[in-house]
Each structure stands twice: as C-alpha cells, then as structure tokens.
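Asker: First the structure, then my questions, so here it is.
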Amino acid sequence: MATPSLTGIAFADPADFVVNAYTLNGEPLSMWATIHQNGAIVKSGYTPLFFAATTGSTYTVTGYNFAAGGILFDHWENGSTDRTTTVTVTGNTWVNSFHRTAPNTHSLTVNAYTQSGSALSMYATIRSGGTVLQSGYTPFTITGRDGATYTVTAENYGQYVFDRWGNGGTANPREVTLDHDVTATARYNTAAPAVSASQPPAPPSPPTIQTLIPKTGVFVALYMYPSGSGAASWQAVYDEKVRHPSVPFVVAFNPSSGPGWGQDGNIESWVDKLRSVGVIALGYTHDGYGARPLDALRADADKYRNWYGADGVFIDEFTNKVGYEGHYRDLTTYAKSIGMKMTMGNPGTDVPRSYIGTVDVINITEGRGYMPISWLQYCVLCSADQGWHYQYDKRNFAYIRYDVDWLDTSFVSNSIQSVGLVYVTNGDDSNSRWFHLPPYFGSLVSTLDR
C-alpha cells in the first residue's frame, strides 16, 4: 500500500518523528498513540503525533482502538498486526497505522415474567466462553459483538420454577447468537407454598479473602502491554503460577490508565490465559485520593467485568484520610454485586484502622528499597506501642517495594507473617518499575512457596 502523502509537513530536525493514523482507504484519522523508549513513555497524544527523536535510537510505538467510535487498529504500514511496533530512527521518520471499522454491536437483554405476564426480579447470568460477563437481577442488558455467541442462565427461586423462554425454547442455559438486538425472556411457573413475587433469589456469595489468599502470595503490577517483551512478562507470570500452583497470584493490568476506550482483544486473551491457571486479575483504576465520583469507579468496574472478565479492581490513588471509608465500602459492595471477587486499594502508605474491611486488601507501603519489618507488624513510621496491624488478619495488608536490585529472601520470609501479598521489583522511576518483571521474579515466588 502506498504511503499517504505528508505534503505540508515541514521537518524542523533531521530526527523528527511523526506517527500518523489512517483508515484502510487512506483517509487521515486522529487516534491516540504512545511512543516508548526503554519501557518509559516519552510522548503520547493524538495523531499526527510529533516527537523530536534521537538519530540512531530505537523506539516502540503503540496504536490504539477507539471502540466507542467504532474504530479498531488493523495493521502498521509494514504489515504487522501487532499494536506495538519497533522503529530505529535513521533520519526523518514517520510511522503509519491503519484502522478498520469495528463490527456492529447489539444489545442482549434478560428479563423474567410469570406465565400470566407479571414481571419478576430473578437472578440470571450471561457468559461468554465460560467467563461471567454479567450477573444480577432481571432486567439487565449488556452490549455484545455482532455474531458472537453468549450463554444465558435463568435461576429458580422459591415457588418460581423456570419453564421456557419467550421463543418457546426450554434449554436452560440458552445460547444466543447476536446478529440483532435480542431479548431473552424467561417464563416461570409457580408452585406452593406461595412466596411474594417481589422476593428475588439471593445471589451466590462471593468467595472470602481467606479462600482467595489462603497463604501469603505475590502481587504483580502487570502494566506492560502483552506484546513483544511485554508478552514475555505476561508469559513469565503464567509459567510461575503453573510451577507454583499453591502460591496465590494477584495481578493488576492496566490497558490505558484505566479500562480505556474499548475492549482490547489481545489483553482479553491474555487475561483469560492467566485466569485459566488461577491468577486473580484486577483491572487498574484510580480515585484521585477520593476525588472521583463513585459512579465513575463503578463504570470502570463494569467495563473490566464486561470486557475482560476481571476478578476485581485495583484502586490506585486510594486516600488514607478519615471520612472516605463509605466511598470504598460502596465500591466493594458494587464490585461483588456484578460478580467480582476482590478489591485492592493502593494508598502507598498506612491508613487509619477504620479502613479495614472497606476493600479486601490495602497496600500500606510503596517505596524504594527494603523497609523495617516493624512497619508491617505494627504500623508505618510509628513506634511499636502505637501498632495495630497485628490485631487484624494479615490478608488485609500488602506491600510494594521498588529499586531493589537483589532479593533478600530472609526479609521476604519474615514479612510473610504480617501481609497477604508482596511485590518486590527493580527499577527506580515511575515508568520502568511497572513495565517489566524483576530478574529475580522466579526466586520471589519460590520464597513464598512454603
């Protein structure tokens, strides 16, 4: 395919670098793109994206989808369909991405009625490939891909017994192929003893944190995109979990400082792969230290659950100020109501004890190098007589330490007594430390396998 004309672009420097985006027909688009060097983002913005590069340097460029607008990444000019491409700058350089129109989407609505036509609030579940996309009381609606097949299950409760679907079918679960908007109506028979039609079934109880983290496990900030070296990191997490099945693994994945514009099929497949071996996958969100509205956090949780089947949310910028406990408790309650298992808050420092139970796990310290074990046993930056951590289940707490060049297995072993999750990594800046695994990751997991 011929390179679209760059007439009118004046390069001010021999090492100027331009990222462009086009439709498959060559029409220019304004799409989000990022330029990385050595794992750190050096430039991001909408195309055409200009960057003053260094001749002889190598960069990686990532193109993105705009699912809300129906535009998906298709390929780079060199034919690669990987959303990340590597470019070595030898002079004036431009990189062209090409995008296609997304397939149509359709709605799938589930509702329930008695045979006489009275509406019921019954518990139902929609799955895709075994992954729960949405569960809850009818009526509810999801948006699905054109041509995709989903499984709908309607539950019985009390005197209400499933009889058939609105289309006459009796198979329950029922398979639905979305080639148009579909409403799956479950019809129920009634039987004595009488129970109020307004009384819905109780949803399945989410697993407890003691079940999810039966012993101290590893947390991983898995923020790298699963392509190239990033895919190698995701694979390493998978491999270590297979080697150490009894060690709990909790990862936070981060499509675009949150769930992003739309579902990324590559991330979805990798999340499914990790979850298939028992890794707990949390979607990254941020709270502005209590400033974001609860509805915005709920919307992020919905996207992670619907797009990636995430097991929960990882809440960065989690405040430690008294007065926001209800904010996080409400988010946790909502996350569990949509089928999630776990919430984790990241203030990066200690919290008042009133925060215990607002989320399942709180990262109480994030910083350079190793810290005193007493911070974990008692409280961060305080004397032992002020301590209180030891009065609570250790699964409430986690720690994250970076800029650690070697693994102190004795420190990790001693810390196991006080926390439910640990993460130690090398790298000393905010980008590199979260975009790779430490070289001693396998040893870290082995230390926890006892």
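Laboratory data are not the source of any read-out in this text; all were calculated from the coordinates shown. On a predicted model such as this, the values are computed, not experimentally measured, just so you know. Virtual Cβ from ideal backbone geometry, glycine too; neighbours counted across all protein chains shown.
Asker: Quick one: length gained pulling residue 54 to residue 384 fully straight, 0.36 nm per residue minus the C-alpha distance?
Answerer: That pair, residue 54 and residue 384, stretches by 113.6 nm at full extension.
Asker: Within the set of other residues whose C-beta is less than 15 Å from the C-beta of residue 417, count the net charge using Lys and Arg as +1 and Asp and Glu as -1.
Answerer: +3
Asker: Suppose R0 equals 25 Å. What FRET efficiency, 1/(1 + (r/R0)^6) with r the Cβ-Cβ distance, do residue 175 and residue 292 give to the nearest 0.05?
Answerer: 0.10
Asker: In square nanometres, what is the average projected area of the Cα convex hull of the chain?
Answerer: The directionally averaged projection comes out at 25.6 nm².
Asker: Using Cα pairs closer than 8 Å and at least 6 residues apart in sequence, work out the relative contact order for the chain, in percent.
Answerer: 11 percent
Asker: Moving on. Using only Cα atoms, locate the centre of the range 215-252 and the centre of the range 340-397, then give the distance between them in Å, rounded to an integer.
Answerer: Taking the Cα centre of the range 340-397 as reference, the centre of the range 215-252 is 23 Å away.
Asker: Still on this structure, please answer the following. About its Cα centre, what dipole magnitude does the chain give when the only charges are +1 on Lys and Arg Cβ and -1 on Asp and Glu Cβ, stated in debye to the nearest 20?
Answerer: Dipole size: approximately 980 debye.
Asker: Contour minus end-to-end for residue 268 and residue 411, with contour as 0.36 nm per residue of separation and end-to-end as the Cα-Cα distance?
Answerer: Going from the current span to full extension adds 47.9 nm.
Asker: Tell me which of 231, 278, 44 sits at the most positive position along the dipole axis of the chain, charges placed on C-beta atoms (Lys, Arg +1; Asp, Glu -1).
Answerer: Ranked along the dipole, the leading option is 278.
Asker: Now a separate question. Report ³J(HN,Hα) in whole Hz for each residue of the range 108-119, in order, from the Karplus equation J = 6.51 cos²θ - 1.76 cosθ + 1.60 where θ = phi - 60°; Gly and Pro get x.
Answerer: 10, 10, 10, 9, 9, 9, 6, 5, 8, x, 7, 5
Asker: Excluding same-chain pairs closer than 8 in sequence, count the lysine pairs in the range 209-448 whose Cα atoms lie under 22 Å apart.
Answerer: 14
Asker: ³J(HN,Hα) across the range 384-397 via Karplus (A = 6.51, B = -1.76, C = 1.60, θ = phi - 60°), whole Hz, x for Gly/Pro?
Answerer: Per residue, the Karplus-derived 3J(HN,Hα) values read 4, 6, 9, x, 8, 3, 4, 7, 10, 4, 4, 5, 5, 10 Hz.
Asker: I want the local charge near residue 101. Using Cβ-Cβ distances under 12 Å, sum +1 for each Lys or Arg and -1 for each Asp or Glu among the other residues.
Answerer: -2
Asker: Moving to a separate point now. Which net charge results when you count Lys and Arg as +1 and Asp and Glu as -1 among the other residues whose beta-carbon is under 11 Å from that of residue 288?
Answerer: That works out to -2.
Asker: Which of 38, 346, 306 moves most in a GNM of the chain, Cα contacts under 10 Å?
Answerer: In this elastic network of the chain, the residue with the biggest mean-square fluctuation among 38, 346, 306 is 38.
Asker: Okay, helix-only estimate at 222 nm for the chain: each DSSP H run of n ≥ 4 adds -39500 (n - 2.57), divide by all residues, round to 500 deg cm²/dmol; what do you get?
Answerer: -5000 deg cm²/dmol
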